[in-house]
1. Is there any pair linking a residue in region 20-44 that is more than 13 Å from Ala94 (Cα to Cα) to one that is outside any helix (DSSP H, G or I), with Cβ under 9 Å and at least six apart or on different chains, and which?
2. For region 68-80, give me each residue that is outside any helix (DSSP H, G or I) and hydroxyl-bearing (Ser, Thr, Tyr).
3. If we only count strands (runs of 3 or more DSSP E) wholly inside region 1-67, which ones have 1 or more residues that are modelled with pLDDT under 95, of a type in the set (S, T, N, Q) and in contact with a Leu (Cβ under 9 Å, 6 or more places away or on another chain)?
4. Take the residues of region 84-112 that are assigned to a helix (DSSP H, G or I) and charged (D, E, K, R): which is surrounded by the fewest Cβ atoms within 10 Å (Cβ to Cβ)?
5. Would you pick out the residues in region 2-24 that are surrounded by 10 or more Cβ atoms within 10 Å (Cβ to Cβ) and touching a strand residue (DSSP E or B) at 6+ places or on another chain (Cβ under 9 Å)?
Amino acid sequence: MEFRIGDVTIFLPQLHITIIAIIVIILLVRWNKQLEKRNFFKIFIYFFISTWIAPIFSWGNKTGTFELYIPLGFIVVLIYLLNSRGYHPSKMKASVLGLCIALYRIVLHYVG
């Protein structure tokens, strides 16, 4: 989407991506209010790290390459949360939301 205002053009992502981003921000702010220490960056960091995907297997030949991706960030955050004393359901919710975004990115990588 693009909006022209005189000589200036503002480019926005597609509508469904914008709506998803707004919903994610609203959920992160809501879950942040449930924490004892209301540090927004902590919930955002859990979310952001769990969106990280990484290839664990790569295979290529003359016709192309294949890479197998996993949500490695979510696995790291999950191990950290289950082994730490500072476990809070809001942190787990933020990391599961990050897992959803990571799965969306994996599907987008394979399909699109």
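1. Ala21/Pro13; Glu36/His88
2. Of everything in region 68-80, just one residue is outside any helix (DSSP H, G or I) and hydroxyl-bearing (Ser, Thr, Tyr), namely Tyr69.
3. Those strands (runs of 3 or more DSSP E) span 54-61.
4. The selected residue is Arg105.
5. Leu12
The values are calculated or read from the model by the stated rules, or taken from the named source; none is laboratory data. Bear in mind that the values here come from a model prediction, so they are computed numbers and not experimental data. Please note: Cβ atoms are built from the backbone with ideal geometry, for glycine as well, and neighbour counts cover all protein chains shown.
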